[in-house]
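Structure first, commentary second.
The values are calculated or read from the model by the stated rules, or taken from the named source; none is laboratory data. Owing to the predicted nature of the structure, the values given are computational and were not obtained by experimental measurement. Don't worry about glycine lacking a Cβ; one is built from the backbone with ideal geometry, like all the others, and counts go over all protein chains shown. Only protein heavy atoms, including side chains, enter the accessible area calculation; ligands, DNA and RNA are left aside. Shrake-Rupley method; radii C 1.70, N 1.55, O 1.52, S 1.80 Å.
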Amino acid sequence: MKYSIIIPVYNRPTEIDELLESLTQQDFSKDFEVLIIEDGSTEKSEAVVGKYNNQLDLKYFFKENSGAGASRNFGMQHANGDYFIILDSDVIVPSQYLSEVNKALKINFTDAFGGPDAAHKSFTALQKAINYSMTSVLTTGGIRGKKQAVGKFQPRSFNLGLSKAAFNKTQGFSKMKNGEDIDLTFRLWENGFETQLIEKAFVYHKRRSSIQQFFKQTFGFGTARPILNKKYPETAKPTYWFPSLFIIGIDVSIILAVFGYNQLLYCYGLYFLLIFLDSLFQNKNLQVAFLSMFTSLTQFLGYGLGFLESQFYPKK
């Protein structure tokens, strides 16, 4: 089985440099190819990619801007491998990544897989806090990478594997701007393909570098869910309403506190204290723990507001 690594990129040559450098350090003994799909960038990565031509089996494509999903499909259409691995440009891959993927698929082959993400020691305090908020059991239930916290796993596009057979059957990603990876998962299941979480196939994911960018990203995630619920009603769950109810509850607790009823506000205070302590335990850093409270609130706010807007004021 030959692996083709597909990486869409848009105006991020520095990130591609770090990712390609990490791919040169793989302890995987077999050949693999890497396809860089430049999605209409004004800051091109061609020169950076050229640095690695002698170290990796590289293919570079420049195309008109059409979004990450279409760029991933473009890459898979031009790949020579039997199994495609899709990575975001803002990840760094540990040296054992491909070996762990190959080992897991030999033991239990599935036509799609997802892997978790982690914070690299070189990341900023804010990046580590964002990673905590996106992966913690206290915030997301650990559904993005902890096997004991998931049922049927829904791979995410920052670290996703897909067989050529599954791509040919599903035609890859849809035109959805957000939630296109979950949409692909549901179509894989409809066509009889299995998915799995490979816990040891993690990547270091930088995510967004500011609170504003993180809010925009989570807002997009929130807008996608009602669309997916309507498209696949059998997958809808009451828990998807939780972030929206959470932020509504904060508003209610503040109003009640004005009239002297502080109990609900105390509950929220206790919750964020638990986040602080849990992040401190995991990251061993006071600044990261402090920021984790704000990134978690941002995550709930972004996703919750995006969900409500899409649910009650859907775009035509």
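Does any residue in the stretch 204-219 that is of a type in the set (Phe, Trp, Tyr) come within less than 7 Å, Cβ to Cβ, of a residue that is part of a helix (DSSP H, G or I) and open to solvent by 60 Å² or more (accessible area, probe 1.4 Å) six or more places away or on a different chain, and which pairs are these? Pairs found: Phe215/Leu301; Phe219/Leu305.
Gly50 falls short on exactly one of the conditions (1) surrounded by 14 or more Cβ atoms within 10 Å (Cβ to Cβ); (2) over 10 Å from Glu38 (Cα atoms); (3) without any contact (Cβ under 8 Å) to a residue 60 or more places away in the chain, and that condition is (1).
For the stretch 110-166, the set of residues classified as open to solvent by 30 Å² or more (accessible area, probe 1.4 Å), modelled with pLDDT of 95 or more and over 24 Å from Ser279 (Cβ atoms) consists of Asp111, Lys164, Ala165, listed by residue number. If you go through the stretch 227-236 and keep only what is part of a helix (DSSP H, G or I) and within 13 Å of Asp183 (Cβ to Cβ), you end up with Ile227, Leu228, Asn229, Lys230, Lys231, Thr235. The helices (runs of 4 or more DSSP H) found wholly in the stretch 237-316 and carrying at least 2 residues that are of a type in the set (Val, Ile, Thr) occupy 242-258, 286-312.
With the requirement that a residue be open to solvent by 40 Å² or more (accessible area, probe 1.4 Å) and either in contact (Cβ under 8 Å) with a residue 40 or more places away in the chain or over 21 Å from the mean Cα position of the chain (by Cα) (or both), what does the stretch 292-307 give you?
First pass over the stretch 292-307, keeping only residues open to solvent by 40 Å² or more (accessible area, probe 1.4 Å): 293-294, 297, 301, 303, 305.
Of everything in the stretch 292-307, those that are open to solvent by 40 Å² or more (accessible area, probe 1.4 Å) and either in contact (Cβ under 8 Å) with a residue 40 or more places away in the chain or over 21 Å from the mean Cα position of the chain (by Cα) (or both) turn out to be Phe294, Leu301, Tyr303, Leu305.
I'm checking my understanding of the structure. Among residues of the stretch 241-270 that are in contact (Cβ under 8 Å) with a residue 40 or more places away in the chain, within 25 Å of Gln127 (Cα to Cα) and not aliphatic (A, V, I, L, M), which one is surrounded by the fewest Cβ atoms within 10 Å (Cβ to Cβ)? Ranking the qualifying residues of the stretch 241-270, first place goes to Phe246.
Could you identify the single residue in Asp88, Asp27 that is over 21 Å from the mean Cα position of the chain (by Cα) and on the phi < 0 side of the Ramachandran plot?
Details: Asp88 fails: over 21 Å from the mean Cα position of the chain (by Cα).
Going through Asp88, Asp27 in turn, the sole match is Asp27.
Ser89 satisfies every condition listed in (1) surrounded by fewer than 20 Cβ atoms within 10 Å (Cβ to Cβ); (2) touching a strand residue (DSSP E or B) at 6+ places or on another chain (Cβ under 9 Å) except (1).
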